[in-house]
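One structure is given below, encoded as structure tokens.
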Amino acid sequence: MATEQSVNIILVEDDDGHAVLVEKNLRRAGLVNGFVRLRDGQEALDYLFDPERSRTELQQLVVLLDVNMPRVNGVEVLRRLKADPVLSAIPVIMLTTTDDPREIGRCYEYGCNVYITKPVEYEDFIEAIRRLGFFLQVVKLPGLAAAQKGPEQP
């Protein structure tokens, strides 16, 4: 079942194998959304803070963000994203092997919307991504809901 909204998924993941498995299994779950893979935190910041990117396009994003990456780690990307008044409404799902409770708490303090620990076992990993795919098909984004509703009437 295809999603009715035009939500684009940004996967920020430095591990090529994980990136392929995530995209493949989100598609298997029925997602037909746009999908962009960025390889590290600096690429994510460059993409998200690009002044050429329209506000409408930014309102249609969901970011899947790994924690441990080269150049700029995912926690720093999350911190900068949520500190920006325009970008702070973008839903961020931490998708990482890191299960340290302090790291999880810090990500929620910085404003992540969901924290998912990637299971180590292959089959469990596939199942977790499949479930994430089903979740992403039904999630509603504030920017899109407001845009679809139109201007408020007095």
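Inside the stretch 111-154, residues that are at pLDDT 85 or above and either in a loop (DSSP other than H, G, I, E, B) or more than 24 Å from VAL22 (Cα to Cα) (or both) make up a count of 3. Filter the stretch 21-45 for residues that are in contact with a helix residue (DSSP H, G or I) (Cβ under 9 Å, 6 or more places away or on another chain), of a type outside the set (Lys, Arg) and modelled with pLDDT under 85 and give the result. Selection gives ASN25, LEU26, ALA29, GLY30, LEU31, ASN33.
Touching a residue at least 12 places away in the same chain (Cβ under 8 Å) and within 20 Å of TYR115 (Cα to Cα), is that true of LEU45? So LEU45 passes the test.
The set of residues from the stretch 74-110 being part of a loop (DSSP other than H, G, I, E, B) and over 19 Å from ILE9 (Cα atoms) comprises ASP84, PRO85, THR97, THR98, ASP99, ASP100.
Is it the case that the stretch 86-103 has a residue that's touching a Lys or Arg at 6+ places or on another chain (Cβ under 8 Å), of a type in the set (Gly, Ala, Ser) and open to solvent by less than 80 Å² (accessible area, probe 1.4 Å)? Within the stretch 86-103, one or more residues are touching a Lys or Arg at 6+ places or on another chain (Cβ under 8 Å), of a type in the set (Gly, Ala, Ser) and open to solvent by less than 80 Å² (accessible area, probe 1.4 Å). Residues being surrounded by fewer than 18 Cβ atoms within 10 Å (Cβ to Cβ), over 19 Å from VAL75 (Cα atoms) and not aliphatic (A, V, I, L, M): count how many of those fall in the stretch 12-38. Looking only at that region, the number is 8.
More than 15 Å from the chain's Cα centre (by Cα), open to solvent by 40 Å² or more (accessible area, probe 1.4 Å), basic (Lys, Arg) and modelled with pLDDT under 90: is that true of ARG71 in this structure? Taking the combined requirement at face value, the residue does not satisfy it.
Scanning the stretch 46-65 for residues that are open to solvent by 10 Å² or more (accessible area, probe 1.4 Å) and under 10 Å from VAL12 (Cβ atoms) yields a count of 1. Scanning the stretch 12-54 for residues that are charged (D, E, K, R) and part of a loop (DSSP other than H, G, I, E, B) yields a total of 8.
For the stretch 55-65, the count of residues that are in contact with a Gly (Cβ under 7 Å, 6 or more places away or on another chain), in contact (Cβ under 8 Å) with a residue 24 or more places away in the chain and not in a loop (DSSP other than H, G, I, E, B) is nonzero.
The values are calculated or read from the model by the stated rules, or taken from the named source; none is laboratory data. Keep in mind the model is a prediction, meaning the values are calculated, not measured. Note that we place each Cβ from the backbone using ideal geometry, even for glycine, and neighbour counts take in every protein chain shown. For the accessible areas, the whole protein counts, side chains as well, though only heavy atoms, and no ligand, DNA or RNA atoms are used. Shrake-Rupley method; radii C 1.70, N 1.55, O 1.52, S 1.80 Å.
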